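One structure is given below, encoded as structure tokens.
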Amino acid sequence: MPPLTRGALTFPSPQSSQISPYLPPPSLSQPQTPIHVTLTFATSLDSSLSLSPGTQTLLSGPLSKSMTHYLRSRHDAILIGVGTALADNPSLNCRISGVGGYGGEGLKGQPRPVVLDPRGRWEVGESSKVMQLVREGRGRAPFVVSRVVLDGGRRRLLEECGGKVIVLPAAQDQEERKRIGWVDILKALREEGIKSVMIEGGGAVINDLLRPDNIRLVDSIIITIAPTWLGKGGVLVCPDERVEDGVKVPVERLKDVQWIPLGEDVVLCGRPQQS
Ligand SMILES: NC(=O)c1ccc[n+]([C@@H]2O[C@H](COP(=O)([O-])OP(=O)(O)OC[C@H]3O[C@@H](n4cnc5c(N)ncnc54)[C@H](O)[C@@H]3O)[C@@H](O)[C@H]2O)c1
Ligand SMILES: Nc1nc(=O)c(N)c(NC[C@H](O)[C@H](O)[C@H](O)COP(=O)(O)O)[nH]1
């Protein structure tokens, strides 16, 4: 057991064993289709991710927060939408004791941050926590997935520290041309050597992944439910309704379900029926 380092977290092994079956195996020899995807987020009892768009709301208690960092240690990459990058200025590193920067060697165990930013809205600058952690040797440089080539300044800043911009075309077969297809996004990550990704949100990203044509790409879903209501006006997890032959049907129901109490929160693990 490495010595506890400043800010390092631990996650108890009884709970990590319960969650492990939903995570990518430690060495993914068989390429997944195209990679292992875990969708994970924290929600209130009224299905809100935050009090309002553009604000960060702490929902997870200390134990479920540690779980998130355990999940981060078990994936090659963490992906968020640009709305979350702008609202939260997140660190997107792993702070579990024993990973690189937290008692471990180099950047071992640190996931690659990926920001889905189709129009290049994220300012990758000195004030970004992700970049501060890169400088401190406590996190990897981010990849930005975009439809546009970022300006030279931002591109250089990213590339100098090992990050990059991945430019992908807009989706062809979806009604919203602003989107990038998830198959294309996952394939591009696979080409970068990433075999597993945890997708942390926010609302637009989660609701997009819950569409019938996208949910089949998700291997596992791990949701922290906090004992609080945030009220109207929050950022909701509420995908578009699903209609088949003119009749409304459930969007999705999970299989292989487990409920794991973690402090005052409960964590729901499951797999989509269609994955
Ligand atoms: N509780 C949690 O676990 C949690 C997790 C993440 C974020 N949040 C909260 O969610 C809020 C942000 O959510 P949001 O919905 O505003 O933003 P978001 O993070 O979902 O980002 C939305 C943006 O992502 C891009 N995007 C999404 N899908 C895309 C696709 N298929 N192709 C191309 N681009 C795509 C678009 O630019 C879109 O505007 C914040 O308040 C944040 O604090 C909470
Ligand atoms: N598990 C979880 N519980 C929460 O209560 C909450 N607000 C988030 N939000 C997820 C989102 O991705 C945030 O941006 C990161 O949780 C910021 O966390 P870091 O700075 O990277 O530790 N996630």
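The values are calculated or read from the model by the stated rules, or taken from the named source; none is laboratory data. The shown structure was predicted, so the numbers you read here are calculated from the model rather than taken from an experiment. For neighbour counting, all protein chains shown are included, and Cβ atoms are generated from backbone atoms with ideal geometry for every residue, glycine included. For accessibility, only protein heavy atoms count, side chains too; no ligands or nucleic acids. Shrake-Rupley method; radii C 1.70, N 1.55, O 1.52, S 1.80 Å.
For segment 190-239, the Cβ-based charge dipole about the Cα centre amounts to some 180 debye (Lys, Arg positive; Asp, Glu negative; other atoms uncharged). Just checking the listed ones, 249, 148, 124: in the Gaussian network model of the chain with Cα springs under 10 Å, the one fluctuating most is 249.
Couplings 3J(HN,Hα) for segment 10-20, derived from phi with the Karplus relation 6.51 cos²θ - 1.76 cosθ + 1.60 (θ = phi - 60°), are 10, 10, x, 5, x, 6, 5, 5, 5, 7, 3 Hz, where x marks Gly and Pro. Please give the Cα centre distance for segment 252-274 versus segment 128-163, rounded to the nearest Å. Cα centroid of segment 252-274 versus Cα centroid of segment 128-163: 34 Å apart. Averaged over its residues, segment 34-173 has an accessible area of 40 Å² per residue, based on protein heavy atoms and a 1.4 Å probe.
Going highest first, how would you order 150-157, 260-267 by mean Cβ packing within 10 Å?
The most tightly packed comes first, giving 260-267, 150-157.
If you restrict to DSSP beta bridges whose two residues both lie in the chain, what percentage is antiparallel, to the nearest 5? If I count the DSSP bridges inside the chain, around 40 percent turn out antiparallel.
With a Förster radius of 22 Å applied to the beta-carbon distance between residue 127 and residue 55, the computed FRET efficiency rounds to 0.80.
Taking the Cα centre of segment 146-275 as the origin, how large is its charge dipole in debye, to the nearest 20, when only Lys and Arg (+1) and Asp and Glu (-1) carry charge on their Cβ atoms? Mind dumping the intermediate values first?
Details: 19 positive and 21 negative charges, 50 e Å.
For segment 146-275, the charge dipole is close to 240 debye.
Can you find, among 225, 206, 163, the residue farthest towards the positive end of the dipole of segment 122-275? Put +1 on the C-beta of Lys and Arg, -1 on that of Asp and Glu. Farthest towards the positive end: 163. For the pair residue 148 and residue 245, the difference between a 0.36 nm per residue extended length and the Cα-Cα distance amounts to 31.1 nm. Working note: 222 nm ellipticity from helices only, DSSP H runs with n ≥ 4, each -39,500 (n - 2.57), summed and divided by the residues of the chain, gives -6000 deg cm²/dmol to the nearest 500. Amide H to amide H, with H built 1.01 Å from N, residue 116 comes under 5 Å of 80, 81, 82, 145, counting only residues 5 or more places away or on other chains.
Summarising the amide proton neighbourhood of residue 262: residues at separation of 5 or more, or on other chains, whose placed amide H is nearer than 5 Å comprise 267.
If R0 is 22 Å, what FRET efficiency do you get for residue 161 and residue 108 from their C-beta distance, rounded to 0.05?
Result of the calculation: an efficiency of 0.80.
Of the residues 64, 97, 20, which exhibits the maximal mean-square fluctuation in a Gaussian network model of the chain defined by a 10 Å Cα contact cut-off? Judging by the Gaussian network model, the answer is 20.
What does the charge dipole of the chain about its Cα centre add up to, to the nearest 20 debye, if the Cβ of each Lys and Arg holds +1 and the Cβ of each Asp and Glu holds -1?
For this selection, approximately 580 debye.
In order along segment 207-220, the Karplus-derived 3J(HN,Hα) couplings, from 6.51 cos²θ - 1.76 cosθ + 1.60 at θ = phi - 60°, round to 5, 5, 5, 7, 5, x, 7, 9, 4, 5, 7, 8, 8, 9 Hz, and Gly and Pro are given as x. Residues whose amide H falls under 5 Å from that of residue 101, counting only those 5 or more places apart or on a different chain, are 106, with hydrogens built in the peptide plane.
Computing the accessible area with a 1.4 Å probe over protein heavy atoms, can you report the carbon and sulfur percentage for the chain?
That fraction is 52 percent.
Please work out the Cα center distance from segment 49-111 to segment 169-230, rounded to the nearest Å. The distance from the Cα centre of segment 49-111 to that of segment 169-230 comes to 17 Å.
A protection proxy built from the mean count of other Cβ atoms within 10 Å ranks the segments 195-208, 48-61, most packed first, as 195-208, 48-61.
Taking 219, 76, 245 in turn, the Gaussian network model of the chain (Cα-Cα springs below 10 Å) assigns the largest fluctuation to 245. Partners of residue 65 within straight-line reach, counting aspartates and glutamates whose Cα lies under 17 Å from its Cα and excluding those fewer than 8 residues away in the same chain: 88, 200, 264, 265. Converting phi to 3J(HN,Hα) with the Karplus coefficients 6.51, -1.76 and 1.60 and the offset θ = phi - 60°, segment 70-82 yields 4, 4, 4, 5, 9, 10, 6, 8, 10, 10, 9, x, 5 Hz in sequence order, with x at every glycine or proline.
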